[in-house]
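A.B. asks: Below are the structure tokens for one structure; questions will follow.
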Amino acid sequence: MKPKWLKIIASFFAIALIAAACGGSDSESSDSTSTSESATESTEEEVIESGTEAEGDVDTEVEEVVEESSYGGSLTIGLEAEATGLRPWEDSCSSPCLTMIGALFDTVTQIRADGTVGPWLATDWSANEDFTEWTFNLVEGVTFHNGKPFTAQTLVDMFPLQQVGAAAGGVVTAAALTEVIAVDETTVKYVLGSAHSAFPSFLVQPQLGAVFDPELASADFDGYSMNPVGTGAFMMEKRDLDNETVVVRNPNYWMADADGNQLPYLDSVNFRPIPDEGTRLDSLLSGTTQAMQTLRQGTIRDARAAKADGADIVLLEFQGNNVGGGMYNLNNPPLDDVRVRKALTQMNNQEATIEALGGTGISLPGTQWFSPDSPWYSEKVAAAWPKFDYEAGQALLKEYIDDPERSDGKAVGEKIEVELSCPPDPTLIAAVQVSEQLWTATGMVDVTLTNYDQQTHINYALGAPPDFQGSHSVHCWRWSNNLDPSTELNRQLAPHTLAVAAAYGLDGIFTPTNFFNYFDIEVFGALVKAIGTDVFEERYALYEMVMMKFATDLPVYYSGHTATLLALEAGIEGINGWVLPDGTFGGQGWSVPQLNQAFLTN
Amino acid sequence: MFGKVLAAKTVRLIATLFAVSLLTFLLVEQLPGDPILAILPPGGLDDLENIERIRKELRLDDPVFTRYFRWVGNALQGDLGKSYITDQPVADAIKDRIPVTMELALLATLIAALLAIPIGALSAYREGGYFDRAMSAFTTAALSIPGFLAGIFFIWLFTLKFNWLPSTGWNRISDKGLFANLQTAILPAASLALAPLAINARLIRADMIGTLKEDYILSAKAKGLRDRYILMRHALRPSSLTAITVFALQLGGLIGGTVVIETVFALPGLGTRLISGIYQRDVMMIQGITLFIATVYVVVNALVDLLYAILDPRIRRQ
């Protein structure tokens, strides 16, 4: 006679094993085995469909919200990670942090879906003739969460903190911002040390544009990160680091919808950091969360597969102006020779790399820093970018290694050596292995693959002060954003050493973030010229010229554009199709949802 | 005699902790690159004056050993420094997170004990039988499956399949009560419990097989006592000593072992903070948490050693 408790234990294991082995037909969509099978099938279908689409648009269309809005409800959002801090001027911020900061703070200006800058806390603005003074008119009657009024003086008082802020200091320098003056209660003037025709773009960025209570921030610098006070649609309710951050409706929010209903609609939002990509998606599919963000193409593929399997979710996908790939360190022979860079670029199969990244049919191949739906995108550059041509690449490389004057000092005919480095992410490693195999197969390249954590990876490229000459060789990287091209390009293409600057008569102009160590006076001149005019056609031509130089000088090579996803449970509206105060559509991308117009329909 | 043992153990404990602290500090120090650069966003790197200001503020321009001894000196007073990235005191971060990690480790140990004891005892009692063979297969499988994989399986089974439990998040007892807390704790704890469960079930089984062959067990059987009574009252206790020791050692190990599980289940424990610290190159946080985990492990080991010395006079004499 077996004891009863033995039977209970045996039954438990039996149930668990049976449950593990079987899957109910009605719930197969959430079965990981079937998900994985369906993912394969569905992805294959998507590949075909998106293959045709790959040259076209894979972004979700921004559409007007047609559902009738309603108040109430709560939303739990799965974020990629915990925010390092919520002080916009001080803390380094990526997608998760930007999501929270966007709920708590308002920025002076805002980005539109078409990439232009539109109004937010500033209703309108104008510049003097040489773009060195910018005057902004501000919305009246805005108050902070603690009831204090927001005025032009607030922006003036914020400036000293921003000047020395770890996050804002660099933006202040990049914008050459020297002074902020309150003209009257609702008019503020920003004074720049040099012309910048795209200055309002800097005020979209939370580092410089997010409005915080300067008095409180000075009084409790560390504490502000845990209890931030902004003018945003939501107020901090609870900050439980690495677990959940709960924000609740700001009853005194200044913004109203088109019908005059006060925003926001939601009672509260719960941000939950879920670093593991699979668990984050599972949390959405199981209803533990109602929304999630991702920048991983593999997760986008899995989310698409889950939707195809019947999951009741909405996928908002965006490419944005961010492109991945690798950069060559021009200080590091043989990469100082354009023949080598061109050869390696031509022998890098972009489509195979994107496939290894899990991005086939999701990520568009990159040819420049702008995605095809960006106003700055150039067909001419796309056509000029070197295509995959293995034989041509081999011929160029042969020419280099047979050159008695080759720059790496090796003997004629000897293989070149490159170190190909990426952070230790499985998909990134798979992608660089594609390049490694192709380059090694020529018999002319010795490739060493290395992986370092993200920060070490960046540090290798950056080098050490005061010279900042990175020791990297070929380095995985991402470039660009949805803001004005000047915010990234002008910073990264300035002289990389003081000696280089001096050689071109640009004494003192130097940037540590020219990671490729590439400098071209023509390119630099074009970039300076581009911030001296606000005529779009002129600026477009100048940035096109810069990208054309990239296609010939090749300081970088591209894989694909960074696809991002916001996945939502069905019944959440207002995240796609949110509008600025002037009624124009707001910008999407980087999987950062704008929550002040979100509402639930169920 | 016991005083000498205690003194010797304490000296060894201090030496080990000193070595751990030095090794942790130097290993983090050896990471390439400048920790200041981790604090700043790419845009902030253009401001060289700002970089130098922050370096001076954090006293990173001092020589390595000056910084080490300052850190150790402060640590001895309970001050593990402040995160370079978030400005949060490291001691506060540990204090906030240790309840989560500790609860997970204790719950995992409890689950492992509650299941290992009956499984081990019954396997020994039915040595070579179906149950014993089935459990042998189960423990082999449990030892072979990494905890994070078990976690992913549990999420699939109990969240996606049955929707019984949440896949992620942590309900604090103080906020939402014990039941809600257990809802979020049970899956990660069960994932962590698998390996100790398997090890201890095997240990108990092996010890008990020996115990069941002792004369006093045969004598109890001859007296006509019931099997269950003999098993639980006479055989289990002498067969549990090894397992109890191992449980104690495992508890120390589990605190470090929660690192991956906490990441899979997105729990606000020490492991999650350590991982994010590594990603952010948050030097003070990495050093502080590593030292803390190592200290717990070393102290638990020392306590177990002392327990042995108390229980077994032969060890005291050695």
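A.B. asks: Which far-off residues, 5 or more places away or on another chain, put their amide H under 5 Å from the one on A:Glu237, with H placed in the peptide plane?
C.D. replies: Placed amide hydrogens put A:Val246, A:Val247, A:Val248 under 5 Å from A:Glu237.
A.B. asks: Ordered by packing density, taken as the mean number of other Cβ atoms within 10 Å over each peptide's residues, highest first, how do B:244-257, A:80-93 rank?
C.D. replies: The packing order, highest mean first, is A:80-93, B:244-257.
A.B. asks: What's the lysine pair count for the range A:323-561 at a Cα cut-off below 20 Å, pairs eight or more apart or interchain?
C.D. replies: Going through the range A:323-561 pair by pair, I get 12.
A.B. asks: Which listed residue (A:Tyr265, B:Gln183, A:Tyr190) has the Cα farthest towards the positive end of the charge dipole for the protein assembly as shown, taking +1 on Lys and Arg C-beta and -1 on Asp and Glu C-beta about the Cα centre?
C.D. replies: B:Gln183
A.B. asks: Separate question: Residue by residue through the range B:97-108, which ³J(HN,Hα) values in whole Hz follow from phi under the Karplus form 6.51 cos²θ - 1.76 cosθ + 1.60 (θ = phi - 60°), with glycine and proline marked x?
C.D. replies: Karplus-based 3J(HN,Hα) across the range B:97-108 equals 9, 4, x, 5, 5, 5, 4, 4, 5, 5, 5, 5 Hz.
A.B. asks: Shape verdict for the range B:91-280, please, from the Cα gyration tensor: rounded (a/c under 1.5), prolate (a/b greater than b/c) or oblate.
C.D. replies: Judged from the Cα gyration tensor, the range B:91-280 comes out prolate (a/c at least 1.5, a/b above b/c).
A.B. asks: Given the options A:Ala352, A:Ala461, A:Gly525, identify the residue whose Cα lies farthest towards the positive end of the charge dipole of chain A (+1 on Cβ of Lys, Arg; -1 on Cβ of Asp, Glu).
C.D. replies: So the residue we want is A:Ala461.
A.B. asks: Separate question: Peptide A:422-435: average number of partner chain Cβ atoms within 10 Å per residue?
C.D. replies: Per-residue shielding by partner chains comes out at 0.
A.B. asks: Quick one: the Cα spread of the protein assembly as shown along its three principal axes, in angstroms, biggest first?
C.D. replies: Principal axes ranked by extent give 107, 76, 61 Å for the Cα atoms.
A.B. asks: Can you show me the helix-derived [θ] at 222 nm for chain A, built from DSSP H runs with n ≥ 4 at -39,500 (n - 2.57) apiece and divided by the number of residues, rounded to the nearest 500.
C.D. replies: -10000 deg cm²/dmol
A.B. asks: Another question, then. In terms of modelled amide H atoms, which long-range or inter-chain residues lie less than 5 Å from the amide H of A:Asp91?
C.D. replies: Under 5 Å from the amide H of A:Asp91 lie the amide H atoms of A:Ala167, each far enough along the sequence or on another chain.
A.B. asks: Per-residue counts of other Cβ atoms within 10 Å, averaged by peptide: what ranking do you get for A:299-310, B:227-238, B:3-14, A:363-374, highest first?
C.D. replies: Listed from highest to lowest mean packing, they are A:363-374, A:299-310, B:227-238, B:3-14.
A.B. asks: Now a separate question. At 0.36 nm per residue, minus the direct Cα-Cα distance, what do A:Thr135 and A:Glu379 gain on full extension? Give it in nm, one decimal, please.
C.D. replies: Working: separation 244, 0.36 × 244 = 87.84 nm, distance 3.57 nm.
Working it through step by step, the gained length comes to 84.3 nm.
A.B. asks: Once phi is turned into θ = phi - 60°, what whole-Hz ³J(HN,Hα) does the Karplus curve with 6.51, -1.76 and 1.60 give for every residue of the range A:341-357, x standing for Gly and Pro?
C.D. replies: In residue order, the calculated couplings are 5, 5, 4, 5, 5, 5, 8, 9, 7, 4, 5, 5, 5, 5, 5, 4, 7 Hz.
A.B. asks: Please give the average number of partner chain Cβ atoms lying within 10 Å of the Cβ of each residue in A:445-455, rounded to a whole number.
C.D. replies: 2
A.B. asks: Another question about this same structure. Once amide H atoms are placed 1.01 Å from N in the peptide plane, what residues at a sequence separation of 5 or more from A:Gly560, or on another chain, have their amide H within under 5 Å of its amide H?
C.D. replies: A:Gly324, A:Gly366
A.B. asks: On average, how many beta carbons from a partner chain sit within 10 Å of the beta carbon of a residue in B:148-158?
C.D. replies: Shielding by partners across B:148-158 averages 3.
A.B. asks: Pull out a ≥ b ≥ c, the square roots of the eigenvalues of the alpha-carbon gyration tensor of the range A:527-578, then state rounded if a/c is under 1.5, prolate if not and a/b is larger than b/c, and oblate in the remaining case.
C.D. replies: Oblate shape, in that a/c is at least 1.5 and b/c is the bigger or equal ratio.
A.B. asks: So, one more: Order these by the 10 Å Cβ neighbour count, fewest first: A:Glu63, A:Glu277. Kindly include the intermediate steps, with their values, before the conclusion.
C.D. replies: Details: A:Glu63 9, A:Glu277 17.
If I rank by nearby Cβ atoms, fewest first, I get A:Glu63, A:Glu277.
Coordinate-derived values only; no laboratory data. For clarity, every value in this text was computed on a predicted model and none was experimentally measured. So basically every Cβ, Gly included, is an ideal-geometry build from the backbone, and we count neighbours across all protein chains shown.
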